[in-house]
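The values are calculated or read from the model by the stated rules, or taken from the named source; none is laboratory data. These numbers come from a predicted model, not from an experiment. Counting neighbours? That spans all protein chains shown, and the Cβs are built from the backbone with ideal geometry, glycine included. Areas reflect the complete protein model, heavy atoms only, side chains present, ligands, DNA and RNA absent. Shrake-Rupley method; radii C 1.70, N 1.55, O 1.52, S 1.80 Å.
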Amino acid sequence: MFTRWEHGRAFLSLCLLASLLWQAGPARARQAGSAPVDFQGASVGGRDGVFDALLEKIFGDEAGAAAEALGGGSGQLIRAVAEGAGRRAEVSLEEQIKGRTERPAAKPAAAPGVKTDGVPRTKPGRGPAAGPKKSASLAPPKLDWRQFAFGFMPLPQEEKPDIKMTETDKEIKAEGEAKKSFETKEAKGTRTQKAETRYTKDGKTFGVEMKDTQVIEAVSKADGKSFRRELSLVWGAEVAACPDAAGVSAGTGKAHVLSKTVYTEGGVPVVMTSQFDLQARLTGHVNDEAVLTHYDLQLDAYTTNSGYEEALRRDIVKEIKIKDGRYGLHYDIPGNTIEWSDGTYGGKRTPARMGKAEARLLTPMSDAEIKTVGSALGPMVPTVWNSANEMYKSAERNWKNYGCVEVVCKAAKLTLKQGEEVRVSAETVHLNEGGKVNARLDAEAYPGQVAPGSQRGAPGATFTFTQEGGENSFFEVKSVSKRGIGKGDVEFQVEKEREETTEAGAWTGTITARRTRREEKEKRAGANLAENGGHVETTTHVRLQLTGRLDRSVEATNAHLALVTGEQEQVDYEYDRYKVDEGYCGPDAVPYKGPKEVTRTSTTTAGYNKETRVYLEVGSGGGQITFSLPEVNGRTVHAYVHKSACAEHDRANTNEATDEDVATAGGSFSFSFPVDAPGKTIKGSVTVTEDDGGTTTYTWELRRG
């Protein structure tokens, strides 16, 4: 035997199912939008006869014509602003993706096109206006939530109203206004409408918000009876442009309707107000292939009515379906999926699907009230659902087309001989947060060979590239993870055989230098500082290839030209350990007290591939080589780590940041070496302790031309 609670839940589920059944048909999920709606009266339970009754009180036998005139074309304006802003938002995203895929040194790639579903759009018809005194068949302004939920059909060019488009780096907005009027000998009325669509494109979220505001005013010339109907609609959704570390793209959705009617007769007004407020929480789930598998939707929906009981008492309306008050339902709709297409004309397409919906009461209601409220709120839910679909489609295209992560590639040298191998390191880095990302790394080269072709980067991996052929080669790595798809690339130059002969007296060959230097930082003191310390460590590994040419731009006769390749890394590390750190932790403000440690690690990395000058002297007793590294800029990654008694404080303050084009330390190098017997070839190795405490190991193998 059912308990009262069980019976109410079962009854509510049946009402919810009935209110959402129409969504099972083909959903034309274009840009999230709306069109004319059967929203007469804007109160729970659908048609309440208020608008019809008021038109009859003002216009009498001309009420049907007034409804037709004041209601006609109200959907065209909001459809026009939605269509204009939606198309521009799509173009803007395509331009961003195109810019990422056409970077220099990147393999040409075409972003998948977005195809329409090809379903013909049929213009909704309008039935003939009924005669006077039959309010049930008048044609007031229409507002059908099913049209809001499943998008607009395109407007014919001749029906498009004028709209104003504005665009910034962060937002696209379309807006328009329209006004209509109707007048007889006994009465006159006007409708003023404003519509607006905003698309957010700030790099952090993808969002859409649509607004439609209509004000209808009518007055009787004979006795001064009047009414004013204000109808305001706002709906949309926004989602994170990039998934978080758990592969979640969180977001919110909303739909809000406010209908306010003021009727005045004999100087005494009656105010009737209906409000619908839907607030949704969205949770999108992304798998390791960067695919949005589904998203969950949780939604609180309330409707609030006031003034209708007074209108009934004064015989302005004949009946009301629900008493004044506030009524609420909660919807859980997990497992929603967005539209998917293979991007080809006439290709495979899977429409968006709504998950299985369940509902529960947020306020006490009878079975009759549940049915009335559910039939009013249920059709509004897919409006939020469709807005969420469109934003998740845009967000997925963004993170699958290099909008969230990139791959940083490094190689010890960028000029190779045919058949020469070089190791290439690759790391996935988040573009917004700067942190490193674990991902699958897939590498390819053209021309050339890469081994292995694919491996797990946690967060980095190393590949071996082999130069093939006599043309420059491109090495490209694609990163795939639940945080998105990124890419990185390196262009390798082919080392051409020099046509010119070695100058007389010039040296050819190689010189390598490996230098390590560490400097301890001066310690600081403070009342609450238990310990402080740090160091700066610089590691340099370069290779100089002497070209066999002398530098004629200086007077010295021993100045040789050489190509220097390699890498320099500088790590600046510092820590502070505090005796006591105290405060309030988490959303519940729990007091905490304990020690705290803060560390900062700034790692600057730079690669060399430039020509430099080398001074080389060889005599009967020994030789000396002197050179300086050319000026290059590197990339610095700052990592901040907080450890305290409050885990939430630590998470908020542990992060990474990146600086580009940072000047590097460079350095000067000089060493002497013995020569047993002067000849055309010299080679050897020596380790030198520098004046600053660092050490440098040099190796050389040279031949005189």
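Any idea how many residues of the stretch 439-451 are under 20 Å from GLN418 (Cα atoms) and either surrounded by fewer than 16 Cβ atoms within 10 Å (Cβ to Cβ) or not small (Gly, Ala, Ser) (or both)?
6
Does the stretch 217-225 contain at least one residue that is closer than 30 Å to ASN432 by Cβ and in a strand (DSSP E or B)? Spell out the reasoning first.
Restricting attention to the stretch 217-225, the residues satisfying the condition of being closer than 30 Å to ASN432 by Cβ are none.
No, because not a single residue in the stretch 217-225 is closer than 30 Å to ASN432 by Cβ and in a strand (DSSP E or B).
If you scan the stretch 55-92, which residues turn out to be over 23 Å from VAL317 (Cβ atoms) and among the basic types (Lys, Arg)?
Selection gives ARG79, ARG87, ARG88.
For the stretch 525-561, name all the residues that are touching a residue at least 24 places away in the same chain (Cβ under 8 Å) and of a type in the set (D, E, K, R).
Residues satisfying the conditions are GLU531, GLU537, ARG543, ARG549, ASP551.
Got at least one residue in the stretch 291-301 being surrounded by fewer than 18 Cβ atoms within 10 Å (Cβ to Cβ), part of a loop (DSSP other than H, G, I, E, B) and of a type in the set (A, V, I, L, M, F, W, C)?
Yes, that holds for at least one residue.
Considering GLU420, GLU390, GLU396, which residue is surrounded by fewer than 21 Cβ atoms within 10 Å (Cβ to Cβ) and either of a type outside the set (D, E, K, R) or touching a residue at least 40 places away in the same chain (Cβ under 8 Å) (or both)?
Residue meeting the stated conditions: GLU420.
Given LYS487, LYS482, LYS478, which one is more than 30 Å from GLU421 (Cβ to Cβ) and either of a type in the set (S, T, N, Q) or buried (at least 16 other Cβ atoms within 10 Å of the Cβ) (or both)?
The unique qualifying residue is LYS482.
For every residue, the table says whether it meets (1) in a loop (DSSP other than H, G, I, E, B); (2) under 26 Å from LEU299 (Cα atoms).
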position	(1), (2)
ASP332	no, yes
THR363	yes, yes
ALA368	no, yes
GLY374	no, yes
ALA388	no, yes
VAL407	no, no
LYS410	no, no
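What is the number of the single condition among (1) touching a helix residue (DSSP H, G or I) at 6+ places or on another chain (Cβ under 9 Å); (2) under 30 Å from TRP399 (Cβ atoms); (3) at pLDDT below 80; (4) of a type outside the set (Ser, Thr, Tyr) that PRO104 does not meet?
PRO104 satisfies all of (1) touching a helix residue (DSSP H, G or I) at 6+ places or on another chain (Cβ under 9 Å); (2) under 30 Å from TRP399 (Cβ atoms); (3) at pLDDT below 80; (4) of a type outside the set (Ser, Thr, Tyr) except (1).
Here is a yes/no grid of residues against (1) of a type in the set (A, V, I, L, M); (2) open to solvent by 40 Å² or more (accessible area, probe 1.4 Å); (3) over 28 Å from ARG514 (Cβ atoms); (4) in contact with a helix residue (DSSP H, G or I) (Cβ under 9 Å, 6 or more places away or on another chain):
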| residue | (1), (2), (3), (4) |
| --- | --- |
| ARG552 | no, yes, yes, no |
| GLU555 | no, yes, yes, no |
| GLY583 | no, no, yes, yes |
| ASP588 | no, yes, yes, no |
| GLY594 | no, no, yes, no |
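Restricting the stretch 428-471 to residues that are free of Cβ contacts under 8 Å to residues at least 24 places away in the same chain and outside any loop (DSSP other than H, G, I, E, B), which is farthest from GLU289 (Cα to Cα)? If you could, list the steps in order and put the result at the bottom.
First, the residues of the stretch 428-471 that are free of Cβ contacts under 8 Å to residues at least 24 places away in the same chain: 449, 451-456, 458.
Among the residues that remain, those that are also outside any loop (DSSP other than H, G, I, E, B) are: 449, 451, 454-456.
On the way: GLN449: 25, ALA451: 22, SER454: 14, GLN455: 14, ARG456: 13 Å.
Ranking the qualifying residues of the stretch 428-471, first place goes to GLN449.
Scan the stretch 194-206 for residues that are surrounded by fewer than 23 Cβ atoms within 10 Å (Cβ to Cβ) and either touching a strand residue (DSSP E or B) at 6+ places or on another chain (Cβ under 7 Å) or in contact (Cβ under 8 Å) with a residue 40 or more places away in the chain (or both) and jot them down. Lay out the reasoning, then the answer.
Filtering the stretch 194-206 down to residues surrounded by fewer than 23 Cβ atoms within 10 Å (Cβ to Cβ) leaves 194, 196, 198, 200-205.
The answer is LYS194, GLU196, ARG198, THR200, LYS201, GLY203, LYS204, THR205.
Of all residues in the stretch 171-183, how many are over 30 Å from ILE58 (Cβ atoms) and at pLDDT below 90? Break it down stepwise before answering.
Filtering the stretch 171-183 for residues over 30 Å from ILE58 (Cβ atoms) gives 171-175.
Still in the list and also at pLDDT below 90: none.
The qualifying residues number 0.
Return a yes/no flag: does the stretch 557-566 have any residue that is open to solvent by 40 Å² or more (accessible area, probe 1.4 Å), touching a Phe, Trp or Tyr at 6+ places or on another chain (Cβ under 6 Å) and in a loop (DSSP other than H, G, I, E, B). First the steps, then the outcome.
Restricting attention to the stretch 557-566, the residues satisfying the condition of being open to solvent by 40 Å² or more (accessible area, probe 1.4 Å) are 557, 563.
Then keep just the ones that are touching a Phe, Trp or Tyr at 6+ places or on another chain (Cβ under 6 Å); that gives none.
Checked the stretch 557-566: no residue is open to solvent by 40 Å² or more (accessible area, probe 1.4 Å), touching a Phe, Trp or Tyr at 6+ places or on another chain (Cβ under 6 Å) and in a loop (DSSP other than H, G, I, E, B).
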